Structure formats: structure tokens, C-alpha cells
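Values quoted throughout were computed directly from the atomic coordinates according to the rules given, and no laboratory measurement underlies them. Just so it is clear, the structure is predicted and the values come from calculations on it, not from any experiment. Using ideal geometry, Cβ is built from the backbone for each residue, glycine included, and neighbour counts are taken over all protein chains shown.
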């Protein structure tokens, strides 16, 4: 028996993560101090670079879009008790799906081609997740192992295809030809310009809206739908699922399919929204960031949006910081990100316990 | 002579829960002292303080008159206190000698320690009549003998005061009698025994004095000879309770559940149910008596469709169930509902709010929502109504399922199943970990269902419960049905023999 960890909802979802982030920044500050730099200036550059300018904000929100998708992908699997660390591979395959759809259906108008491209991403991502899901459900092959292997498989498959099959013959770069113009998801600055509002140009595009819609959809699915109920029963109590007549194997496959489809959103944002071609390593390791985002957001869509914003700030502000304060290299920024993950994910229980203790005491004092 | 144990004004809180409030307890040397109380009354907390798992917030512990600080089980062992836990702390592949020696090896090499253990075990078994094969692997021993190893471990470590936590929960009646014989001979040798139990019959049979706890407080300590089970029950609950629910004789109706030659293997391929055949009729409670782990769990799961039987058939209302339709979902549709043995692992989802646990197994029902979306307001309102009918406390549908006490969790599960008008109801351990007040309520509900014509198959390891509720009793041992009795024509000894595998043919 351990002391009960009863927390009001707001403390559980807002206060504890906030304390974790503050603690992480304090420790990160010490690290900055240790290499002889001023942590306050560093913090200023970080925030200035990510939130201080319209352009910076645009980039922050662009990264946030990526993180929302991969965070949701990890969260959906997590609710079914699965640790999907194959977001990288699933997004990579989703990129292949996009390229195949967009470059083969060039005759279609944009209002058809864009949704088809998104569906292609979702379908390929889902397929790449369904195989490990099937192996877990029917063969008991551990999902962590298989999704890692599928990341590698995706990576070599895409290299092979881009070098030998999909590359434009006259190009030396391992990338496809550009997607047709009508398939580009509009940049946010262009959308605003259409309404006569001038905002600074950035990579930010309408995929952000899709990401927020996906977050709402995941909330509805997980917490309100019959299917989400079944997913959570399987994740939280597999023997209760058997008792309830819910087939864990079926739910595991469905959850992985949904998870892979969501991971495909990363490819939509990066390729259809920005790069407009399929190229190598466009996922940039963001699939793994999704794990941290989902952990920090406690697998809840609102938490994931907030955590994605934080990681967006870190990625965009970190780039600015590395530029303005060269002593703080990109690697240093990765270290700071790592410290945040450590505090928000791994050491979460530390602060939770502390806060729960304080609450219990206060309650006792009042009683 | 000062008492073996004195606890003075012990207080212990977990967060806002005051588990022990100014508890005083005095246990005379050379006696068997019972401690009774409902779940959550604070018995286990108190014993955990005595054995050094927890430290009291305030208060004093005296052993043989001397105040001592017990900060860990090691301190307790040094003070001569030994504990036999409800769930044994044994290493199954190791021999009895190795288990006894574990943690008391007496040096880096084992040889000297082993010789000492063997000599000591020989002496102990002579003194107390504790016969045991010291070289047998503990995993091969019966549960009763495993418990004996636990007791030997404590004695080997020099325990003068032995705490036993619900020791008979896993024993057959004959094994329990053997245990009581052992406890008496320990007492004759001057040892002190503290017995934690919720079975009043055992308290009456073996203890010299008994202390009653209720809601963290010690409400009474009485001489066993001067009290009675109804009085103890009243002290435990704080009001009068009926220990035995009255039921009228009834003639059962048509057979609703027919099981024929059912055989079930577990996930490791071990045969758990062998060739079981029986019938449960409308308006009849058939009880299955047996020591835990003799196939009753697998039998229930197989009938409910959670496990595919390897052989045999099941008929519901005379209709044979095809193996492709034999799954929990289909069985529910056909009116066979199931209150599972293990509430927390199977019957509900501890992490879910109660209103979500209250639809486990029924989340597909169309009226619970619109299309694919569940209507939470409706689920909450539904459960609120049921909580009132079933007197669930607190009546809070949004509270996490794990936050309810065992009895209230069981009421939530029962309400879910009963309110769906079962034709056949499978009930596993309906009152395990449930307090006396709620037991009475649950028993009444089950009898009412029987009177309404439901066929009930009841599995319980509490023989009292089986005898109290059932119209007919089947006994199980080693996966086989070893006997069948009318409840009115049998007694504990008779059932005890059947449960131990002495079949009618052999007798």
C-alpha cells in the first residue's frame, strides 16, 4: 500500500506538468551556466526566436503540427497498452503513399487531389503499423521490437525506391519530381493574404487545422466512443476485455492502424505542406519526439497540443539560440530537450507524489 | 507477568485516511488472540506496524513489557515476532530447507547453515508435531504444507509471537483443523499467536480472547468464552446483522443450464476441468464447493465463453451452444450473465470511473448512446439510479472504480449483471473481500433472484456461503466433480471429505 495519489484534475493535468517544465528549465539553466553562458540570455533568445516574431511563431507552429500528429499516434496506441515507437517508419511510408498518389493522379483538381493525398498518407502509415500490430495480436511478437525493425525497413525501402525507382532520371538527388501545384496544401500566409491580412511568410500551412481536427477526433474516439472504450479496456485491463467479450487481438490491430494513420499526418505537413516532393529523411526523428510529447501530454489530446507547442518552441527557438549564441550548439539544444523529456516523462511521478503529499496535508489541516 | 505485546495509542494515517486511531491492544503471553474487523477496519495496518512494514505516526509498541522501536521487519524478527502472510513469501523451486534458510544463511557458504537448519527443523517437528519432507521442493507441496513452511521459517528465526493473516483462506476444512491443532500446541509451548481473520467460526473455535476493530478504532476486547458470533458481528459492523439469510424451500423449474462432459485446459495446456457434467434449473442455486485452484475458476470461465473447452457441450434453455457462438458476447445475448471471481482483474476496470465500469461487457448496447458515441450523461444517470437501489457508497458515479471498497465494487458489478435480467447467472466469489454488512445485502439479492426463477451457479471458497445459499452443492477437487449433495442433507465434514477428493465411490 502506498500513499494515495489523489489529485484534483487541474493539478494532475496542468500543475504537475508545469512544475516539471519549470524544474527542467532550471536544471537546463544550470547546464548552460556550466558551459559559461548566461542562461537568462539563452532563455530570452529561445523565446524571442520562437514566439517573438511572426516568422518565428510560424515556424514554431509548423513544428507543433508535426508533433501533434506523432504525439496523437503514440497516444492512441498507448491507450490500447501498446508502445508504438514506429512513428518514424509509418510517417516515411506515408510519404511514399503521398508521392504515389500525387504524382500518378496529376490530372485531378486540387480539391480532389489533396484529400486523396491525405488518404494515401493515412493508408500507407496505417498499413506499416498494421503489420507489427498483427504480429503482436496473433503471434505475440513484441510491438516495441517490431516497430523498431519496421523503422529500419522503411528507411532502407525508401532509399532503394528513391535511388532506383522513383528518382527523376535526369536528377542526381534521391528525391521524386515535385508534386503537381494543385496538390500543395496552402501556406498560412497565402490563406491570410487571400483575406487581405498580411502575415510573415513561413512554412506554416493549413495542415495545422487538420492536426487540431485530428486532436478533437482522437478525444472523441478515445473518451467518448464505443470503440475508444474498448481500446481503453484492452489497454488498462486485458482480462476484463476478455470477460467483456472484447477481442484484444482485434483491438490491438485497430489501434495500430489508427496510430499509423495519425503518424502519416507528419508526412502530410512536411511533404504536401512544405517540401512538395518526397525526399530522404524528411521525418528528421520527429517520430521519436512523438513519444515524449505523448508522455508529457499524458496521452490526452489537450495535453498533447500543449506539449507539442512546447516542443515547437524548443525546436524553433533552439535553432535561433544556436545561431545567436554559438557556444550553445544544436547539440546543446538537444540536451535541453532531453532534460525536459526526463523531467516531464520519466520524473513525472516525483513531482506528482510531492504535490499529492502537499494536497493531502492541506486537506488534513482543513479537516 | 507483562503482556507479550502491548500497543499503546497507535495512530497511523495515509493521506487523509486515518487507518488507526488511538488503538490500544494487549496480548497476553501464551494465548491465542483473535483480531476481527471488516475490510478496511485497520487490522492489516495495525499488524504491519507491529511487523515493521509501516511506522506509526504516534504511539508505543511494547514487547514483553519493554518499549521498542520497530522500523523494519528485521527489528520485528529480532524482537521475536514472526509473521505468516496471507500470500506466502516462498521460493517455489527451492526445497523446504533452502526456504527456511533464505535470509538466515549464517555466512557466505551454505554448508554450516544447512546443517543447522536441518537440526533445528528436526527439533521443531518433534516439539510441535510438524511433519514435513525437508528436501521436497516447496512448489510440490500442498498449500497447507506450504503454510507450515512459513510457520517453520518464523519459528526458526526464533519467533515467540506469531502473527497469522487470514491463514485459513486457502485451506480445506481438514487442513484448517490441522493448522488449529498446530496453533494449540504452539500455545502449550508458551508461544503467543495473533490470528487475523474474518471468519467468526474460527475465532470461536480457537482463540482465548478476541479484539474487534471498526473504522480504524479498537472497539472491544473480550474473552472468547463470553461472546457469540452475532455479538461479534454487531461489534464489527456497528449494527445488528443477520449472519444467515433465510430462504424458503422451492421446487426448481426447467433446466436452464446443462453442462455435459466439459473439459478445460489452461493456457499452459494443463487439464483444469475434467469431464464435468451437471444441470442448473430455474429457481435454483447450485453451489460449487472446493478449495481455491481446483478448477472452479476455469469452469466458470469456460461456461461464460471466456475459454474454449477442449471437450464437452453446454446447453442453454435446452439449446445447444455451438462452439463458434460460445463467446462472452453471445452468451450475454442469450441471457447468461456472469459476476466474475476477481472484481479488480476482471469484473471492472480499476482505472475507469464507476459509470464506465458499469457498462463493461455491454458497451455495444444501442440505447447507451447514439451510433458509435456513448452518452456519458445517460451512463452517469443510470448508474446513479442503480447506486441508490444497491446502496453503493459513496453514490458517486464519476469516482474511479478502484476508489470504492470491495463490497461497493461488488455491488456495482452485481447491479450491472442483475439489472439486465439474466436467465442464468454465474457468480464467482460474490463476497470475497466484502464486509459483513454488504454480504447480507448480496446474499439477499441472490436469493431474491433465485425466487424470481433465475438459475444461479455459485462458486465460492467460503463453505459457509455455499451451505447457506445453495439448494444443491457440487464439490470439486483436482478439476473433477467429486460429489453432489442436497444442501439440507449434508454438513461440513461430509463436504470437507468430498472437497479433499474422497469420492462417494471410494468412501
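Take the Cβ atoms of residue A:156 and residue A:288, set R0 to 22 Å, and the FRET efficiency comes out at 0.75.
In this simple spin-label approximation, residue A:112 and residue B:261 carry label points 7 Å from Cα along the Cα→Cβ vector, and these lie 6.3 nm apart. Here the calculated FRET efficiency for residue A:249 and residue B:402, from their Cβ-Cβ distance with R0 = 41 Å, stands at 0.95, rounded to the nearest 0.05. With all pairs of different C-alpha atoms in the average, the Kirkwood value for the hydrodynamic radius of region A:38-326 is 19.4 Å. Report for chain B the percent antiparallel among DSSP-assigned beta bridges with both residues inside it, nearest 5. So the antiparallel bridges in chain B amount to around 55 percent. Rg and Dmax of region A:52-156, both derived from C-alpha coordinates alone, stand at 16.0, 52 Å. Fully extending the segment from residue B:345 to residue B:391 would add 14.2 nm, taking 0.36 nm per residue of separation and subtracting the current Cα-Cα distance. With the Cα gyration tensor of the protein assembly as shown giving a ≥ b ≥ c as the square roots of its eigenvalues, does the rule (a/c under 1.5 for rounded; else a/b larger than b/c for prolate; else oblate) give rounded, prolate or oblate? Prolate, because a/c is 1.5 or more and a/b exceeds b/c.
From Cα pairs below 8 angstrom and at least 6 apart in sequence, can you work out the relative contact order of chain A, rounded to a whole percent? Relative contact order, chain A: 35 percent. Dividing the mean sequence gap of close Cα pairs (under 8 Å, 6+ apart) by how many residues chain B holds gives a relative contact order of 15 percent. Full extension of the segment from residue B:108 to residue B:489, taken as 0.36 nm per residue of separation minus the current Cα-Cα distance, would add 131.2 nm. Summarising the strand pairing of region B:366-507, around 60 percent of its internal DSSP beta bridges are antiparallel.
Label zone (residue B:85, point 7 Å along Cα-to-C-beta; backbone nitrogen cut-off 12 Å) within region B:152-167: B:165.
Among beta bridges from DSSP that stay inside the protein assembly as shown, the antiparallel ones total about 55%.
With all pairs of different C-alpha atoms in the average, the Kirkwood value for the hydrodynamic radius of region B:126-273 is 19.0 Å.
Rounded to the nearest 500, the helix-only mean residue ellipticity at 222 nm of the protein assembly as shown stands at -14500 deg cm²/dmol, with each DSSP H run of n ≥ 4 adding -39,500 (n - 2.57).
Shielding by partners for peptide B:326-336, expressed as the average number of C-beta atoms from other protein chains within 10 Å of each residue's C-beta, is 2.
Stokes-Einstein diffusion for region B:344-439, with the hydrodynamic radius set to the Kirkwood value over Cα pairs and evaluated at 20 °C in a medium of 1.002 mPa s, equals 157 µm²/s. In chain B, one over the average inverse separation of all distinct C-alpha pairs is 24.7 Å, which is the Kirkwood hydrodynamic radius. Packing order of peptides B:142-149, A:70-77, A:55-62, highest average first: A:70-77, A:55-62, B:142-149 (average count of other Cβ atoms within 10 Å over each peptide's residues). The label-point distance for residue A:9 and residue B:250, in a model that sets each label 7 Å from Cα toward Cβ, rounds to 4.3 nm. With a cut-off of 16 Å on the backbone N, the residues of region B:129-158 near the modelled label site 7 Å out from residue B:118 along Cα-Cβ are B:132-137. The shape of region B:407-477 comes out oblate: with a ≥ b ≥ c from the C-alpha gyration tensor, a/c is at least 1.5 while a/b does not beat b/c. What the pair-distance distribution of region A:111-181 shows, using all Cα-Cα distances binned every 5 Å from zero, is 3, 14, 15, 17, 18, 15, 9, 5, 2, 0 percent. Placing a label point 7 Å from the Cα of residue A:213 along the Cα-to-Cβ direction, the residues of region A:263-301 whose backbone N falls under 19 Å from that point are A:263-274, A:301. Placing dummy labels 7 Å off each Cα toward the beta-carbon, the span from residue A:358 to residue B:220 is 4.7 nm. Taking 0.890 mPa s as the viscosity and 25 °C as the temperature, the Stokes-Einstein diffusion coefficient of region B:62-206 based on its alpha-carbon Kirkwood radius rounds to 155 µm²/s. With Rh defined as the Kirkwood radius, the inverse of the mean 1/r over Cα pairs, the Rg/Rh of region B:219-348 is 1.12.
Please report the relative contact order for region A:83-137, taking Cα pairs under 8 Å with a sequence separation of at least 6, and give it as a percent rounded to a whole number. Relative contact order of region A:83-137: 48 percent.
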